[in-house]
Amino acid sequence: MIFVSLLKNYSKELLHIEGLRLLQIADGNENCTENIETGKNGKPFFKDRHAEFNISHSNRAAALIYNTSKKSSGGAVLSTGIDIQKINYKKDITGIMEKAYSANEIEYIKNAPDVIEKQKRFYRVWVLKEAAIKLNSLSVFDIKEIPSFIDDDGLLCAAQTMHFDYLIKMFESADETYMLAAAIESATGQSKLLQQDIVFSGQ
C-alpha cells in the first residue's frame, strides 16, 4: 500500500506525525508505532517484522509505503523504500548531477526537450535513487554507488542488479508538483513496474 497526505498547515514535526498516522492506518493498529526500532542508517522497522514500511516527507507532503508480502511462505517480508520530492523548477541541478548521477543518467536529463522536462527527469532519477537507498538501508552518501537507472537505450528503468519492483508517479496539488518513487524488494529476482494504487488524503 502507498499513501500520500498533503497538509494545509505543516512543519517538520507535523509531517513526522502525519507519516506515523498513515502507518497506523495502513497497519490497522493505532499502537503499532510503539513497536518501531531504528536499524542501519536510521531505517525504521517493526521489532516483530510483521510488515515492512518506509516514510518520506517533502514540503507539505508525507508519503508511506507499507508491505506484508513475503519472499516465500514463512520467509521474511520484502523490504521497502519510498521518496517524495516537491519539484523546484528553478533548482540548479548541475552540481548534484555531477556528484551523484551516472553518465547515462546525466545524458538522459540533458537530452530533455526543454528546461521543464529536464527538471522532471532530474527528479525522476533522484526519487528512484533515494527509494533504492532506503530499501537497501544505505546512506545518501552511497548514492554514487547506486547502479544507473538509465539503460543503454536511454530509457528510465530499475537498475537490474538491484532487483526491486518500482513505481514512479508525478502529481500536482494547487501550484505544487511532486515526484514520488516507491520500491519493494523483488520476490522473483527480476525488476518490474509496481502495480499499486496511491491513496491520497489531506488535512
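The values are calculated or read from the model by the stated rules, or taken from the named source; none is laboratory data. In this text, all values refer to a predicted model and were calculated from it rather than measured experimentally. Heads up, the Cβs are rebuilt from the backbone with ideal geometry, glycines too, and the neighbour counts pull from every protein chain shown.
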- Item | Yes/no for D152 being over 14 Å from Y101 (Cβ atoms) and either in a loop (DSSP other than H, G, I, E, B) or in contact (Cβ under 8 Å) with a residue 60 or more places away in the chain (or both) | yes
- Among (1) over 16 Å from the mean Cα position of the chain (by Cα); (2) farther than 22 Å from P147 by Cα; (3) surrounded by 13 or more Cβ atoms within 10 Å (Cβ to Cβ); (4) at pLDDT 95 or above, which single condition is D114 missing? (3)
- Go through segment 7-45 and give me each residue that's under 11 Å from I55 (Cβ atoms) and acidic (D, E). E18
- Item | strands (runs of 3 or more DSSP E) (entirely within segment 1-119) containing at least 2 residues that are in contact with a Gly (Cβ under 9 Å, 6 or more places away or on another chain) | 2-6, 52-58, 61-67
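Is it the case that F122 is aromatic (F, W, Y) and exposed (fewer than 13 other Cβ atoms within 10 Å of the Cβ)? Outline the logic, then answer.
Numbers: aromatic (F, W, Y): yes; exposed (fewer than 13 other Cβ atoms within 10 Å of the Cβ): no.
Taking the combined requirement at face value, the residue does not satisfy it.
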- Item | Selection from segment 27-81 of residues that are surrounded by fewer than 10 Cβ atoms within 10 Å (Cβ to Cβ) and touching a Ser or Thr at 6+ places or on another chain (Cβ under 7 Å) | G39
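Y178 - would you say it is in a helix (DSSP H, G or I), within 21 Å of R60 (Cα to Cα), touching a residue at least 40 places away in the same chain (Cβ under 8 Å) and out of contact with any helix residue (DSSP H, G or I) (no Cβ under 6 Å at 6 or more places or on another chain)?
Numbers: in a helix (DSSP H, G or I): no; within 21 Å of R60 (Cα to Cα): yes; touching a residue at least 40 places away in the same chain (Cβ under 8 Å): yes; out of contact with any helix residue (DSSP H, G or I) (no Cβ under 6 Å at 6 or more places or on another chain): yes.
No: the conditions fail for Y178.
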- Message: Looking at segment 90-108, I want the residues that are without any contact (Cβ under 8 Å) to a residue 12 or more places away in the chain and have a partner that is surrounded by 13 or more Cβ atoms within 10 Å (Cβ to Cβ) and in a helix (DSSP H, G or I) with Cβ atoms under 6 Å, at least 6 apart or on another chain. Which pairs are those?
- Response: I106/M97
